[in-house]
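> Sending over a structure as structure tokens; questions will come in a sec.
Every read-out reported here was derived from the displayed coordinates using simple, explicitly stated rules and does not represent laboratory data. Here the structure is a predicted model, which is why all the values come from computation and not from measurement. Cβ placement follows ideal geometry from the backbone for every residue including glycine, while neighbour counts extend to all protein chains displayed.
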Amino acid sequence: MTEKIATSKAPAAIGPYSQAIKIGNLLYTSGQIPLCPESGEVVGSDITTQAEQVMKNLAAVLEAAGTSFEHAVKTTCFLQDMADFAAFNEVYGRYFTSNPARSCVAVKTLPKNVLVEVEVIAEIA
């Protein structure tokens with residue numbers, strides 16, 4: 001049985017998808033980009049500021065589903081520029097302290113031309 005997860009504390013989906021889907025004891029989040037939940041506008045112009053907003057958005061979705069960063073089992077991270085990897089990794093490491101499995105790739109373009117997007121698979125404890 002699947003359950004759609006939605007919270008007003010994270011940006012609304014900007015297309016035909018859910019913020020997250022819960023199936024059994026696993027949560028699959030959609031990729032979060034650095035949008036302000038209230039305005040829908042991009043937050044910041046540098047990787048550190050944008051990564052912090054992404055983490056805030058992910059925290060809200062994880063919380064709405066009854067889980068947290070500590071229960072993450074896999075993340076997929078998309079960077080517009082691999083030169084931002086070290087700065088992104090510093091922010092990422094403060095949130096994902098349980099060291100989940102991860103893929104991190106550079107992509108040509110992200111929605112709204114942001115610098116970073118992150119999606120998470122987490123266990124519902």
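> By the scheme Lys and Arg +1, Asp and Glu -1, what is the net charge of all other residues having a beta-carbon under 14 Å from that of SER103?
Neighbourhood net charge equals 0.
> Now, a different point. Filter the GluC sites (Glu not before Pro) in the range 35-70 to those in DSSP coil with at most 14 other Cβ atoms within 10 Å of their Cβ, and list the result.
GLU38, GLU41
> Still on this structure: So which of LYS22/LYS108; LYS9/LYS108; LYS4/LYS74; LYS22/LYS56 end up more than 23 Å apart, counting from Cα to Cα?
Correct reply: LYS22/LYS108; LYS9/LYS108.
> Here is a follow-up. Excluding GLY24 itself, calculate the net charge of residues whose Cβ lies under 11 Å from the Cβ of GLY24, where each Lys or Arg counts +1 and each Asp or Glu counts -1.
Charge balance in the 11 Å sphere: -1.
> Calculated from DSSP H runs of 4 or more alone, at -39500 (n - 2.57) each and per residue, what is the 222 nm mean residue ellipticity of the chain, nearest 500?
Helix contribution divided over all residues of the chain: -7500 deg cm²/dmol.
> Okay, next question. Dipole magnitude of the range 49-97 about its Cα centre, charges +1 at Lys/Arg Cβ and -1 at Asp/Glu Cβ only, in debye to the nearest 20?
It comes to approximately 120 debye.
> Do any cysteines in the chain lack another Cys Cβ under 4.7 Å, and if so which?
CYS36
> Using the Cα centre as the reference, give the magnitude of the dipole from point charges on the C-beta atoms of the chain (Lys, Arg: +1; Asp, Glu: -1; all else neutral), rounded to the nearest 20 debye.
280 debye
> Now for a different question. Could you work out how far helix 47-64 tilts from the main Cα principal axis of the chain, as a 0 to 90 degree angle to the nearest 10?
Its long axis makes an angle of about 10 degrees.
> To the nearest 10 degrees, how steeply does helix 85-95 sit against the main Cα axis of the chain, on a 0 to 90 scale?
Once rounded, the angle reads 30 degrees.
> Just to confirm a number: summing +1 for Lys and Arg and -1 for Asp and Glu over residues other than GLN80 whose beta-carbon lies under 12 angstrom from that of GLN80, what do you get?
Numbers: positive: LYS108, LYS112; negative: ASP46, ASP81, ASP84, GLU117.
Charge balance in the 12 Å sphere: -2.
> Indicate, rounded to the nearest 5 percent, the antiparallel portion of the DSSP beta bridges found entirely in the chain. Numbers along the way, then the final one.
Numbers: 20 of 26 bridges.
In the chain, DSSP labels about 75 percent of beta bridges as antiparallel.
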